[in-house]
Amino acid sequence: MEGLATPHGRDEEWFYRQTQGGRGIGDCGGSSVVEKALKNSKESAASPVAASTAQAFPLAQLDGRSAYASDPPWLGEGVTWDDGSLFAAFRFPSAPASSPVTTQIALLRAVNVGGKSKVSMGDLRQLLAEVGMENPRTLLQTGNLVFGSPTAVGVDLEQLLETEMEQRLELRTDILVRGVTELSSVIAQNPFPQLAEQDPTHLVVVFLKSAPDDESVRALDAASGPERVSAWGRQLYATYPEGIGRSRLTMSLIERQAGTRGTARNWNTVLKLAALANG
């Protein structure tokens, strides 16, 4: 009992309760006060040797009349002296450390395209709220989600959302998640800044499940016609100067060559997502 540690440097968290003859005679705060009260309790007890000790001592066990009796058990130690008097040092239980909420962007692969994998953005927002995400927002009708995640990020968040969407919405699709900082880096690392400024609808970012190797990127660049392909991390940047409709650089080719799944967004959409996430 001696040498009580002050939890988290917060002296006011510590209290004590002392009883004699079945009634409480002390209830004060501060670790230094508790130390002094313990010393006095030992000196006034019939025997300075503890007969029993306990942890997580509920106040209701001390006097039965405490206003705190319905609260969770207090953390600390209790001592019963040989003369029946009781001393307990305790503190308010510390609340579990909460994880900071981080802004996340989730991109659904191939939804509401060609009449397949139909889903409403309202249903997606409701699902996000139901699984504990904060401030869910959507952009366009192609499965672009922005929200705050208090727990999962990255691959864990992808798997969580994929599972929940399949179970709740019967929607089976890949989901690509990026944090707001990572999305900002995707924009900053764009290797085609001139095209982004002059013709952003013909610049596409392909968000991938895993990073492609250099050989795959070179093969994609060589296989295309006027298109150009570059990579940074888990993203491919592709230019479509003649448009996407007739290009040989299709998503099927990209996924097959890269050996992973992905989803594409044009540059305007990428910028709008970043603005929504940072708003």
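The values are calculated or read from the model by the stated rules, or taken from the named source; none is laboratory data. Values in this document were obtained by computation on a predicted structure and should not be read as measured data. Note: ideal-geometry Cβ built from the backbone for every residue, glycine included; neighbour counts use all protein chains shown.
I'm checking my understanding of the structure. Among residues of the range 233-274 that are among the hydrophobic types (A, V, I, L, M, F, W, C) and in a loop (DSSP other than H, G, I, E, B), which one is modelled with the lowest pLDDT? Here the residue is Ile244. Is it true that Leu107 is within 16 Å of Arg168 (Cβ to Cβ) and modelled with pLDDT of 95 or more? No: the conditions fail for Leu107.
The number of residues in the range 220-233 being touching a residue at least 40 places away in the same chain (Cβ under 8 Å) and surrounded by 19 or more Cβ atoms within 10 Å (Cβ to Cβ) comes to 0.
Between residues in the range 102-116 that are on the phi > 0 side of the Ramachandran plot and surrounded by fewer than 18 Cβ atoms within 10 Å (Cβ to Cβ) and residues that are modelled with pLDDT of 95 or more and of a type in the set (Ser, Thr, Tyr), which pairs lie under 9 Å by C-beta distance while being six or more apart or on different chains? Close Cβ pairs (under 9 Å, with a partner that is modelled with pLDDT of 95 or more and of a type in the set (Ser, Thr, Tyr)) amount to Ala110/Thr173; Ala110/Thr263; Asn112/Ser120.
Under the condition of being surrounded by fewer than 19 Cβ atoms within 10 Å (Cβ to Cβ) and closer than 15 Å to Arg234 by Cα, the residues counted in the range 265-279 number 0. Can you name the residue in the range 209-219 that is part of a helix (DSSP H, G or I) and touching a helix residue (DSSP H, G or I) at 6+ places or on another chain (Cβ under 6 Å) and, of all such residues, is surrounded by the most Cβ atoms within 10 Å (Cβ to Cβ)? Going through the qualifying residues, I end up with Ser216. Among the residues of the range 200-219, just one is farther than 27 Å from Glu158 by Cβ and without any contact (Cβ under 8 Å) to a residue 12 or more places away in the chain, namely Arg218.
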